[in-house]
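*Asks:* Below you will find the structure I want to go over with you.
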Amino acid sequence: MATKKTSFQTVWLQDAEFHSWLKQVDSKSGYAFCIVCACEFALSNMGKQALRSHMKSKRHSQRTPVGNMSMSGFTHSVSQHSVAESKPGTSLEIHHKIVDTPSQDTAVSVHQPRNTPSSSTSGTIDKFMLKNDTTKAAILWCLETVMCHKSLRAAEKDLTVMRRMFFDSQIASKVQLGRDIISYTILFGIAPYFKSDLEETLQRVSFVVVGFVESLKKTTKNQQMDLNIRFWDDAKNQVVTRYLTSKFLGRSRAVDLLAAFKEGLGEIPLIKLLQVSMDGPNVNWAFLRELKVDIQHNDKELLDVGSCGLHILPSKHFGCSSQMVRNIMERFMKIDSLKNAAQVTKDEVNDIKNHLPAKDVVLGFDTKKALKNASGIQEKYILQFRSECKAMLQAIVLKLMNRSPLTYPMTKVATCLDPAVISGDSKLAKKRFESMLNKLIDSGRISGSIADTAVKHFRSVVESTKWSRAILTTIRWALSLLSELALHFIAVTYFPQ
């Protein structure tokens, strides 16, 4: 004979014993749903007894809060307590039943004045506050481990020593951080927070500069690309450099570098990319050419200041490169053609009319002495040696002109920010500043209205400021800390509308 199964009765939802956790299952009449356990259970043929059986289960009892006991359970506990008072012989047994039930706090509160705060409530708050402080201490210790470059074992041992030093501190005694817990907290707790915070900040900025370098990871023997990012932080009012991510490289071709670079940028659009800093292998230059093509599709251009803008942009580097090229040119070129070494072109270097005769090439005192002391060498061989030295010096100059900052117009016009240029020749500084703004407009980085405002403010600063020696030293030191972001933010931030 088939067993008759019970269907769910909507009357049960009005029962004070079940209404706080019971819910009907629409598609299954022989099942009920427990809100506390978040699961369905079968009624079978037990009817209402199935609900009581589930309510007494271990899983339901553990998940039911102390303060959420039903009214029937509360009245049942009170009635048991009143029976205990009327029957002294059974009071001890019933009292133990009341203490063991989850309604301990509720039962005790019947005998307390209504306006008197419960000691258990204050104890719970104290435990919560202690747990919160313990969590803060654990996070700070994990941050200290990262900032001080401690090993996980060292961090665990130092914490053990700290608990012995501060033995009377409840927080120190409660912090339990092993090396595995420290590792998990840093990797899966702290790191994702800082990463999400950086991503939110990058969504608000207008332009970024990304630098990368390829390196060999010793543990896996794989090439990896490490990326950092520089941007103007409005909250700190300064240029900020942050580590972005690392990407493994199967091969180091230009196509592979470009794919890893785009993957590392993530959700940062390429139109925000102001400049790329890198070292100078040929594969990196091929990568840069392909990246420029992708950016030009969005009517934007990268600011071309060389491979590493952080070292090329400062005017000291520019002046050093210019002076070095001039010193080499003076050895084999005529003085009349070297009035301004920074403006000498490749054609002028290759023009023989601008060269000194082979016998007048400056080889240095030691070489001159060695040729003088050499015996048995014909004069034609000495002239041939001088001609070869001149060809070598010419090749060095051409190579420096190809790779030095002198080939990048943006690097030259950026010297308008040099205090020495501003104080020495204000007209030249204003001219170069306008040239810099024109290049920023051509690259689609700023608008004409911003450029007009920047020119007005720059002229007022140049003409009204008394450039004392202390001011020049301070500004030169400050400008040496700026990266290539200053090319744009000098117009937007330092000269606001």
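Every number in this text was worked out from the coordinates using simple rules, so none of it is lab data. Source: prediction; values computed, not measured. As a convention, Cβ positions derive from the backbone with ideal geometry for all residues, glycine included, and neighbour counts pool all protein chains shown.
*Asks:* With point charges of +1 on the Cβ of Lys and Arg and -1 on the Cβ of Asp and Glu, referenced to the Cα centre of region 10-56, which listed residue (VAL11, PHE41, GLN24) lies farthest in the positive direction of the dipole?
*Replies:* Going by the Cα projections, it comes out as PHE41.
*Asks:* Once a ≥ b ≥ c are taken as the square roots of the eigenvalues of the Cα gyration tensor of region 10-56, is the result rounded (a/c under 1.5), prolate (a/b larger than b/c) or oblate (a/b not larger than b/c)?
*Replies:* Numbers: a/c = 1.21, a/b = 1.12, b/c = 1.08.
Note, shape of region 10-56 comes out rounded.
*Asks:* With r defined as the distance between the Cβ atoms of ARG164 and LEU428 and R0 fixed at 51 Å, what FRET efficiency is calculated, to the nearest 0.05?
*Replies:* Details: r = 68 Å, r/R0 = 1.33.
So, using R0 = 51 Å, E works out to roughly 0.15.
*Asks:* Let me make sure I get this right: for region 143-258, a, b and c are the square roots of the gyration tensor eigenvalues over alpha carbons, sorted descending. Under 1.5 in a/c it's rounded, otherwise prolate if a/b > b/c, else oblate. Which is it?
*Replies:* Details: a/c = 3.26, a/b = 1.63, b/c = 2.00.
Verdict is oblate for region 143-258.
*Asks:* Which residues' amide hydrogens lie under 5 Å from the amide hydrogen of LEU249, considering only partners 5 or more residues apart or on another chain, with H built in the peptide plane?
*Replies:* Excluding prolines and chain starts, which carry no amide H, the hits are GLN223, GLN224, MET225.
*Asks:* Can you list residues whose amide H is under 5 Å from VAL213's amide H, if they're 5+ apart or on another chain and H is modeled 1.01 Å from N?
*Replies:* ASP226
*Asks:* Once you sort the root eigenvalues of the Cα gyration tensor of region 207-311 as a ≥ b ≥ c, which label holds: rounded (a/c under 1.5), prolate (a/b larger than b/c) or oblate (the other case)?
*Replies:* It comes out oblate by the Cα gyration axes.
*Asks:* Pull up all non-local amide H partners of LEU244: gap of 5 or more, or a different chain, and H-to-H distance under 5 Å with H placed in the peptide plane.
*Replies:* LEU227, ASN228, ILE229
*Asks:* Oh, and also: Please compute the contact order of region 133-192 in relative form: average sequence separation of alpha-carbon pairs under 8 Å and at least six residues apart, divided by the residue count, as a percent.
*Replies:* Relative contact order here is 46 percent.
*Asks:* Take SER173, project a point 7 Å from its Cα along the Cβ direction, then tell me which residues of region 130-144 have their backbone nitrogen under 18 Å from it.
*Replies:* Of the residues in region 130-144, 130-135, 137-138 have backbone N under 18 Å from the label point off SER173.
*Asks:* Determine, for ILE352, ILE382, the number of other Cβ atoms within 10 Å of each Cβ, and report the residues in order from fewest to most.
*Replies:* Working: ILE352 5, ILE382 15.
Ordered by Cβ neighbours within 10 Å, fewest first: ILE352, ILE382.
*Asks:* Same structure again: How big is the charge dipole of region 136-209 about its Cα centre, in debye rounded to the nearest 20, if each Lys and Arg gets +1 on its Cβ and each Asp and Glu gets -1 on its Cβ?
*Replies:* Numbers: 10 positive and 8 negative charges, 53 e Å.
That gives region 136-209 a dipole magnitude of about 260 debye.
*Asks:* Taking Cα pairs under 8 Å and at least six residues apart, what relative contact order does region 195-244 come out at, in percent?
*Replies:* Reported as a whole number, the value is 29 percent.
*Asks:* So which lysines can LYS380 reach, going by Cα to Cα under 25 Å and dropping same-chain residues fewer than 8 places off?
*Replies:* In chain and number order, the partners are LYS334, LYS353, LYS359, LYS368, LYS369, LYS372, LYS390.
*Asks:* Same structure, new question: Checking a compactness column here: for region 133-192, what do you get for Rg(Cα) / (2.2 N^0.38 Å), N being the number of residues? The partial results should precede the final answer.
*Replies:* On the way: Rg = 10.9 Å, N = 60, 2.2 N^0.38 = 10.4 Å.
Compactness ratio reported: 1.05.
*Asks:* Can I ask one more? Using only the alpha carbons of region 410-450, determine the length spanned along each of the three principal axes and report them from longest to shortest in whole angstroms.
*Replies:* Principal-axis extents of the Cα atoms in region 410-450, largest first: 31, 20, 11 Å.
*Asks:* If you plug each phi of region 331-338 into the Karplus form 6.51 cos²θ - 1.76 cosθ + 1.60 with θ = phi - 60°, what whole-Hz ³J(HN,Hα) values come out, in order, with x for Gly and Pro?
*Replies:* Karplus values, whole Hz, x for Gly and Pro: 7, 9, 10, 6, 5, 5, 8, 10.
*Asks:* Further, regarding this structure: State the Cα centre-to-centre distance between region 257-287 and region 1-67 in whole Å.
*Replies:* 61
*Asks:* Stretched out fully, how many nm does the piece from ILE190 to THR453 gain, at 0.36 nm a residue minus the Cα gap?
*Replies:* Gain in length upon complete extension: 90.4 nm.
*Asks:* Also, I was wondering about something else. Work out, step by step, the length gained on full extension between THR407 and GLU199: first 0.36 nm times the residue separation, then minus their alpha carbon distance; give nm to one decimal.
*Replies:* Details: separation 208, 0.36 × 208 = 74.88 nm, distance 3.54 nm.
Full extension from THR407 to GLU199 adds 71.3 nm.
*Asks:* According to a simple spin-label model (label point 7 Å from Cα along Cα-to-Cβ), what is the distance in nm between ASP233 and LYS372?
*Replies:* 6.2
*Asks:* What ³J(HN,Hα) values, in whole Hz, does the Karplus curve 6.51 cos²θ - 1.76 cosθ + 1.60 give for region 379-385 when θ = phi - 60°, with x put for Gly and Pro?
*Replies:* 5, 5, 6, 5, 5, 5, 4
*Asks:* Further question: Mind jotting down the distance between the C-alpha centroids of region 166-219 and region 351-368, whole Å?
*Replies:* 60
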